[in-house]
1. Quick one: in segment 19-30, of everything that is outside any loop (DSSP other than H, G, I, E, B) and surrounded by fewer than 18 Cβ atoms within 10 Å (Cβ to Cβ), which residue is nearest to the chain's Cα centre (by Cα)?
2. Which condition from (1) near the ligand (Cβ under 9 Å from one of its atoms); (2) at pLDDT below 95 is the one that VAL24 breaks?
3. Are any residues in segment 18-44 in contact (Cβ under 8 Å) with a residue 24 or more places away in the chain, out of contact with any His (no Cβ under 7 Å at 6 or more places or on another chain) and not hydrophobic (A, V, I, L, M, F, W, C), and if so, which ones?
4. Among the numbered criteria (1) within 12 Å of the ligand (Cβ to nearest atom); (2) under 9 Å from the mean Cα position of the chain (by Cα), which one does TYR37 miss?
Amino acid sequence: MTQTDHPYRVRLHGGRNVHAARHVNGSANRVTGCGYYLPEDSTNHWMDDDTAVTCRGCQRAMGGAR
Ligand SMILES: [Zn+2]
(Lines give C-alpha, C1' and ligand atoms only; values in the text may rest on other atoms or scores of the structure.)
Protein backbone atom coordinates (compact mmCIF):
# COMPACT_ATOMS: atom_id res chain seq x y z
CA MET A 1 0.00 0.00 0.00
CA THR A 2 1.30 3.41 -0.92
CA GLN A 3 -1.67 5.44 0.20
CA THR A 4 0.18 6.95 3.14
CA ASP A 5 2.72 8.45 0.76
CA HIS A 6 0.08 11.14 0.18
CA PRO A 7 -1.84 11.40 3.47
CA TYR A 8 -3.65 14.69 2.79
CA ARG A 9 -6.81 15.30 0.79
CA VAL A 10 -7.38 18.62 -0.88
CA ARG A 11 -9.78 20.28 -3.27
CA LEU A 12 -7.99 23.04 -5.11
CA HIS A 13 -9.46 26.52 -4.99
CA GLY A 14 -12.17 26.59 -7.63
CA GLY A 15 -11.58 22.95 -8.59
CA ARG A 16 -13.79 19.88 -8.49
CA ASN A 17 -11.43 16.96 -8.09
CA VAL A 18 -10.13 15.74 -4.76
CA HIS A 19 -6.35 15.42 -4.86
CA ALA A 20 -3.93 13.58 -2.61
CA ALA A 21 -1.01 15.56 -1.23
CA ARG A 22 2.12 15.18 0.83
CA HIS A 23 4.60 17.53 2.40
CA VAL A 24 7.59 18.58 0.37
CA ASN A 25 10.60 17.22 2.19
CA GLY A 26 11.30 19.22 5.31
CA SER A 27 8.88 22.07 4.63
CA ALA A 28 5.33 23.18 5.35
CA ASN A 29 4.56 23.36 1.65
CA ARG A 30 2.71 20.47 0.08
CA VAL A 31 2.53 18.94 -3.38
CA THR A 32 -0.21 16.80 -4.91
CA GLY A 33 0.39 13.44 -6.52
CA CYS A 34 -0.35 14.97 -9.91
CA GLY A 35 2.17 17.75 -9.42
CA TYR A 36 0.34 20.82 -8.13
CA TYR A 37 2.51 22.77 -5.76
CA LEU A 38 0.66 24.06 -2.69
CA PRO A 39 2.51 26.71 -0.69
CA GLU A 40 1.75 26.78 3.01
CA ASP A 41 -0.34 29.96 2.71
CA SER A 42 -2.25 29.04 -0.46
CA THR A 43 -6.03 28.93 -0.47
CA ASN A 44 -7.18 25.34 -0.76
CA HIS A 45 -9.89 23.29 0.83
CA TRP A 46 -8.34 20.59 2.97
CA MET A 47 -10.58 17.62 3.58
CA ASP A 48 -10.80 14.59 5.86
CA ASP A 49 -8.03 12.04 5.43
CA ASP A 50 -10.46 9.34 4.32
CA THR A 51 -12.06 11.39 1.55
CA ALA A 52 -11.95 9.51 -1.75
CA VAL A 53 -9.39 10.81 -4.25
CA THR A 54 -11.01 11.59 -7.61
CA CYS A 55 -8.02 13.00 -9.52
CA ARG A 56 -6.66 10.33 -11.87
CA GLY A 57 -3.14 11.69 -11.71
CA CYS A 58 -3.17 11.46 -7.94
CA GLN A 59 -4.68 7.98 -8.04
CA ARG A 60 -1.79 6.88 -10.26
CA ALA A 61 0.73 8.49 -7.92
CA MET A 62 -0.83 6.56 -5.06
CA GLY A 63 -0.33 3.22 -6.69
CA GLY A 64 -2.75 2.69 -9.52
CA ALA A 65 -6.42 2.64 -10.38
CA ARG A 66 -8.97 2.09 -7.67
ZN1 LIG B 1 -4.34 15.46 -8.48
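The values are calculated or read from the model by the stated rules, or taken from the named source; none is laboratory data. It should be emphasised that the depicted structure is a prediction, and the values quoted were computed from it without experimental measurement. When we count neighbours, we look across all protein chains shown, and the Cβ atoms used for this are built from the backbone with ideal geometry, even at glycine.
1. ARG22
2. (1) is the only condition that VAL24 fails.
3. Scanning segment 18-44 gives HIS19, SER42.
4. Checking TYR37 against (1) within 12 Å of the ligand (Cβ to nearest atom); (2) under 9 Å from the mean Cα position of the chain (by Cα), the one that fails is (2).
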